[in-house]
Amino acid sequence: MIYTGGTIGMKQDPEDHALKPFDFSQILEEVPELGKFAFRIDSYTFDPLIDSSDVEPSLWQQLAALIRDRYNDYDGFVVLHGTDTMAFSASALSFMLDNLSKPVIFTGSQLPIGVPRTDGKENLVSAVEIASAKDENGRAMVPEVCVFFDSHLLRGNRSTKVNSEYFNAFRSPNWPPLAEAGVTIRYNRDIIRKPTVRPLKVQLDLDTRVSIVKIHPGMTPEVMRYLLCGTETRAVILETYGAGNAPSAEWFLDIVRDACAMGKLIVNVTQCLWGSVNMDLYATGKALKSAGAVSAFDATTESALAKLFFLLGKGLPTEQVKKAFEENLRGEISI
Ligand code: ASP
């Protein structure tokens with residue numbers, strides 16, 4: 001169990017009343033149920049513990065390296081993490097850990113674990129159970145990076161935070177839950193990735209010179225050029241309308257063309273939670289495609305961002321990154 005911070009382990013500071021992380025031993029005190037499992041649970045605490053709004057790719061590198069170094073010691077890993085950036089972190093880890101044959105389950109909570117109505121206990125105990133679950137051949141039931149929250153086990157790189165108030169904080173709109181926890185945990189085995197016998201391959205290098213630009217009525221040429229053609233930018237995720245549509249104005253398409261000609265990757269992700277980019281459906285989508293934009297299909301923004309960090313981190317030329325981006329690497333897109 002790897003504790004990085006987040007609401008699950010927070011307490012109210014008596015001075016400013018803000019929620020701040022406290023240490024892991026107190027989590028264990030609050031969840032004696034963990035002692036009832038018939039297996040050993042070791043814990044590793046990050047220092048400092050953070051609110052996940054402070055997560056940086058360096059935390060993903062630390063997490064991936066920790067899992068790599070302890071991979072043979074454990075059947076599975078549970079990562080306690082704040083909800084705000086959990087989908088980003090789970091997406092990143094899904095790309096960084098290739099040939100995964102063991103579960104890596106992210107969880108957290110909306111209410112701290114010491115609060116009577118906390119959702120943290122159920123999330124934590126079920127996440128641990130799932131991380132240890134084996135199939136009839138003794139292999140991991142879910143050899144994937146996942147998010148477990150409010151009775152749902154979601155593929156990490158398909159998950160997104162959709163609720164800041166209720167316990168159902170996460171959904172994976174374009175992929176069904178991998179499991180649902182009721183009286184028993186029901187695994188949706190047909191859609192869970194199969195374990196591999198290939199050795200785990202971990203990539204720590206990430207190139208984060210990527211930005212996310214949400215298309216909206218009222219964009220101006222000056223601002224768009226600044227955002228898409230900046231010298232330090234390697235790639236831009238354009239969050240477009242509906243099925244991947246953007247304005248057909250010539251100035252806008254010129255900027256996309258110029259950015260592509262400068263060797264930048266312009267990726268098309270839909271603003272919609274459900275459904276996929278299809279740049280062949282409307283003239284506005286087609287224009288974006290012929291200007292050089294690449295489809296993210298039904299990827300979440302979080303997963304498209306992590307995939308770009310990961311692919312650019314390989315140091316490959318843009319054309320190869322572009323090709324790999326449109327491939328389904330970890331179950332993150334439905335093609
Ligand atoms: N701000 C908190 C965090 O992401 C929220 C949470 O954990 O639910 O760390």
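Between V294 and I266, V267, N268, the built amide H atoms are under 5 Å apart, and every one of these is 5 or more places off in sequence or on another chain.
Please report, in cubic angstrom per residue, the volume enclosed by the convex hull of the alpha-carbon atoms of the range 30-186.
Numbers: hull volume 19.5 nm³, N = 157.
Residue-normalised Cα hull volume stands at 124 Å³.
Over all orientations, the range 189-253 has a Cα convex hull whose mean projected area works out to 7.9 square nanometres. In the chain, a dipole from Cβ-located charges (positive for Lys and Arg, negative for Asp and Glu) runs towards its positive end, and of A296, I215, Q61 it is A296 whose Cα lies farthest in that direction. Rolling a 1.4 Å probe over the protein chains gives Y282 an accessible area of about 120 Å².
Partners of K102 within straight-line reach, counting lysines whose Cα lies under 16 Å from its Cα and excluding those fewer than 8 residues away in the same chain: K134, K194, K201.
Selection among Y3, T118, F148 by position relative to the dipole of the range 1-148 gives F148 as farthest towards the positive end (Cβ unit charges, Cα centre). With the charge dipole of the chain set up from +1 on Lys and Arg Cβ and -1 on Asp and Glu Cβ about the Cα centre, the Cα lying farthest toward the positive end among the listed residues G76, L93, L200 is that of L200. Ligands, DNA and RNA are left out, and with a 1.4 angstrom probe the accessible area of the range 85-229 is 45 Å² per residue.
About the Cα centre of the chain, what is the dipole size in debye to 20, counting +1 per Lys and Arg Cβ and -1 per Asp and Glu Cβ, all else neutral? Before the final figure, lay out each step's value.
Values: 34 positive and 42 negative charges, 233 e Å.
The dipole magnitude comes to about 1120 debye.
Residue-normalised convex hull volume from the C-alpha trace of the range 54-145: 97 Å³ per residue.
Please list, by residue number, every one of the GluC sites (Glu not before Pro) in the range 171-277 that is coil in DSSP and has at most 11 other beta-carbon atoms within 10 Å. Before the final figure, lay out the partial values.
Details: sites: E180, E222, E232, E239, E250; in loops: E232.
Qualifying residues, ordered by number: E232.
The lysines whose alpha-carbon is closer than 17 Å to the alpha-carbon of K121, local same-chain residues fewer than 8 away aside, are K11, K36. Tally up the carbon and sulfur contribution to the accessible surface of the range 33-119 as a whole percent, 1.4 Å probe, everything protein left in place. After summing per-atom areas, the C and S share lands at 45 percent.
Could you check how many percent of all C-alpha pairs in the range 15-54 are farther apart than 14 Å? Across the range 15-54, Cα pairs with separations above 14 Å total 60 percent. Taken about its Cα centre, the range 241-335 carries a charge dipole of roughly 180 debye when the Cβ of each Lys and Arg holds +1 and the Cβ of each Asp and Glu holds -1.
Taking only the Cα atoms of the chain, the radius of gyration and Dmax are 20.6, 65 Å. Considering helices alone, the calculated mean residue ellipticity of the chain at 222 nm is -8500 deg cm²/dmol, with DSSP H runs of length four and up weighted by -39500 (n - 2.57) and normalised per residue.
The values are calculated or read from the model by the stated rules, or taken from the named source; none is laboratory data. The structure displayed is predicted, hence computed values, not measured ones. Here the Cβ is made from the backbone with ideal geometry for all residues, glycine too, and neighbour counts use every protein chain on show. Each accessible area value is taken on the protein alone, full model and side chains, heavy atoms only, with ligands, DNA and RNA left out. Shrake-Rupley method; radii C 1.70, N 1.55, O 1.52, S 1.80 Å.
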